[in-house]
Structure formats: C-alpha cells, structure tokens
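The values are calculated or read from the model by the stated rules, or taken from the named source; none is laboratory data. If you're wondering where the values come from, they're calculated on a predicted model, not measured in any experiment. No Cβ is skipped: glycine too gets one built from the backbone with ideal geometry, and neighbour counts run over all protein chains shown. With ligands, DNA and RNA removed, areas are computed over all heavy atoms of the protein, side chains included. Shrake-Rupley method; radii C 1.70, N 1.55, O 1.52, S 1.80 Å.
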2 protein chains.
Amino acid sequence: MPDLSHGDDAAAVNALRSAVMRLGRRLKHQRVDESLSPTEMSVLGTLARCGSATPGELARKEHVQPPSMTRIVALLEAKGLVRLEPHPDDRRQKVVTSTEQAEAMLEESRRKRNAWLTAVAEGLDEDEWAKLRAAAPVLEKLAHL
Amino acid sequence: MPDLSHGDDAAAVNALRSAVMRLGRRLKHQRVDESLSPTEMSVLGTLARCGSATPGELARKEHVQPPSMTRIVALLEAKGLVRLEPHPDDRRQKVVTSTEQAEAMLEESRRKRNAWLTAVAEGLDEDEWAKLRAAAPVLEKLAHL
DNA sequence: CATTTTCCTTAGCTTAGGTAATGAGTTACG
DNA sequence: CGTAACTCATTACCTAAGCTAAGGAAAATG
C-alpha cells in the first residue's frame, strides 16, 4: 500500500484525475457503433470477459443504478447483442449473455479504436508509450477496485 | 512515435480505454463541490494552468462546443469563480480569468480528491503505484494532444 | 404463514451536453 | 470605401444517459 500523502503523489493524483476525465470525454466521441453509448459498450465488454451475469451484478460492476441497467439491457436485447434467460434458481432474476453478434462487433471495432488512439499517440515518443503500456493494467485494476 | 500495431499494444490500448471510461464515471461521483460539474472543474483547472483564455479557446481545449462553454462560463461567473473582461483587440471576444476564490477552491478540494483516490489505491502495491505515477504525466499529455 | 428483504422494473426528473439559427464585429476584396 | 464572407459568442430548443422514488413479484426469515 503506497503512501500517497507526499507532494509528488498528490500531483500525480491530480494529473491522473484531470487526464482521465478529459480523455474519457474525448473517447465518448469515438464510438465505433454510433448507436451504442459508452456504457452499453462497456457492458458488452464486461459480458465478454465474465461470461454472463444478472442485471444487478452488471449494475454493480458498471457502477450504475439498477434502473439504468434495466434500460441498457433492454436496448441491447432489442439489438440482438444480448440474450436474456430466466435464472435457474431464482425467478426474480434474469441471466444476461452476450451473443456472437456482440462478440463480432467488439472484435471488429477494436481496429477502429486502435486507429484513433494510435493517431493521438503519435505525439508520444517510445519511452512515454512504454510508461503508458506498463500502467495500463494497473489503471484497469484501479478502475475495478 | 511508437508502433502500436502489435498485439500487446492493442491489448494495452483496450485496457486503457476501458479503464479510463470506467474510472471517469466513478470520478464524476466524487465531486468536491457538489454544485460544480466535472467539466466546470476542468475549466477552472485549465484557467489555473494557462492563466486566461477566451470562451472559444476554452471550448477547443475542453473539447466541448462553444454554446456549452458559454453556459459553463456564465455559471462560473455567477458563482464568482471566474471574471469576464472585454478582449483588448476584438470586441466580439471576451477574456475569462479565474478568481482567487477559484484558486482557493481548487486547493481546498485537492485534499478531498486525494482522500478518495488514496482509499481506492490502497488496493495497489508500491510497484503498481510507481508505474501509475510514471504514467500520469504521459496520460495528461495524451489527453491534451 | 406473515413480514421483511431482494431483485427487477416502471415512471418521472435532472443534467450536461449537442445542433441550428442569430447578431455583432472583423477581415478581405472589388 | 463599402460590401461580402467569415468568426465569435450567444440564444433557443432538443437529446441522451443517468438518477430517485415507487411498485410488484419472488425469496428469505421470524
């Protein structure tokens, strides 16, 4: 557990927050499927990673309230990107699974995202990119803590 | 300029995108001043860094449309966080400057942000945090490219 | 059983952004 | 010069994506 009370760490924390929020806003504009919101994409990504989940689990994982997830799941189902089945043990819950179509879309969109980030990252040198790549998994862990 | 076409880099890019978007959403909830939106905070940060700017410049820097910046600036002025003066050479434009009150608020809120991020980062070990700290300025540069 | 709790959903609202259209000021060109 | 074209900020209206509050059904608990 790092001690984050030093001036350097405080500065890093500030830089991190500012950069994450600004980058996040720019990423929102780089939708691969114009009709899908960032959170909806994120849900598909989560399902691809975790297999299947109930709406409540998804809401917790995406840090979104249950009613929001209800609408997201309904929309994804209407687009054929997600399948809903009854929960085996609990008739209140449902099980959400991503379809092959969603898989294909995620795979196909990876190239487009890469293209945009590559274009932006052209302003970085090799060393800077190495630092970023080393930090990527950490940032991902942080986002899920 | 790094070559981002390798599999490892593609994976890093994906991790980066996912983490940034998820973290960004969580950061939105950690407002230090409940009445100020993340973008409004970001504008104050930009002004603190760059001194002063016109609404148009701010809109470009924050990747927001001019009408949105008009509203943001008006709100900040109403709160006394920003001062508006006529542009010396161009009577269409205005010059936006942050007040001492805004400076004080930014400084005061730094502790609160640190507290939240520290709490989250307790799940990281020393090595992970070092990687993140090294990447913070790079991420900030990336967000401004 | 009856009560409480949990899970999903429905309904209505809020907020932060965007687009289109306007008006004033500046620049470029005939 | 003076008019045409462009730029900056603004106004008015709209959309998207969340939220809270309230409900209804199923499960857990006494």
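Can you give the charge dipole size of the protein assembly as shown about its Cα centre, rounded to the nearest 20 debye, using +1 on the beta carbon of Lys and Arg and -1 on the beta carbon of Asp and Glu?
Values: 44 positive and 44 negative charges, 220 e Å.
For the protein assembly as shown, the charge dipole is close to 1060 debye.
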Checklist entry - How about region A:71-129: which trypsin sites (Lys or Arg not before Pro) there are in a DSSP loop, with at most 12 other Cβ atoms within 10 Å of their Cβ? => result A:Arg91, A:Arg92
Checklist entry - For the pairing of chain B with chain A, what total accessible surface becomes buried, with a 1.4 angstrom probe, in square angstrom to the nearest 100? => result 6600
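Would you work out what percent of the accessible area of chain A, with all protein chains in place, is carbon or sulfur (probe 1.4 Å)?
Values: 3860 of 7400 Å².
Carbon and sulfur: 52 percent of the exposed surface of chain A.
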Checklist entry - Just how many % of Cα pairs in chain A lie over 23 Å apart, if you round to the nearest whole percent? => result 47
Item to check | Accessible area of chain B divided out per residue, in Å², using a probe of 1.4 angstrom | outcome: 51
Checklist entry - Taking Cα pairs under 8 Å and at least six residues apart, what relative contact order does region A:31-144 come out at, in percent? => result 24
Checklist entry - Give me the log10 of I(q) over I(0) for region B:46-100 at q = 0.31 Å⁻¹, as the Debye formula computes it from C-alpha points; what are the numbers? => result -1.40
Next on the checklist: Averaged over its residues, how many other protein chain Cβ atoms are within 10 Å of peptide A:119-130's Cβ atoms?
Outcome noted: 5
Checklist entry - Of all GluC sites (Glu not before Pro) in region B:11-89, which ones are in loop regions per DSSP and have a Cβ with at most 13 other Cβ atoms within 10 Å? => result B:Glu34
Checklist outcome for this item: In debye to the nearest 20, the charge dipole size for region B:25-144, taken about the Cα centre with +1 at each Lys and Arg Cβ and -1 at each Asp and Glu Cβ, equals 400
Checklist outcome for this item: Helix B:126-144 sits off the longest principal axis of the Cα atoms of chain B, rounded to the nearest 10 on a 0 to 90 degree scale, by 40
Checklist outcome for this item: Farthest towards the positive end of the dipole of region B:25-144, among B:Leu117, B:His144, B:Ala104 and with Cβ unit charges of +1 on Lys and Arg and -1 on Asp and Glu, lies the Cα of B:His144
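About the Cα centre, and with charges only on the beta carbon of Lys, Arg (+1) and Asp, Glu (-1), how big is the dipole of region A:104-145? Nearest 20 debye, please.
Values: 7 positive and 8 negative charges, 52 e Å.
Computed charge dipole of region A:104-145: roughly 240 debye.
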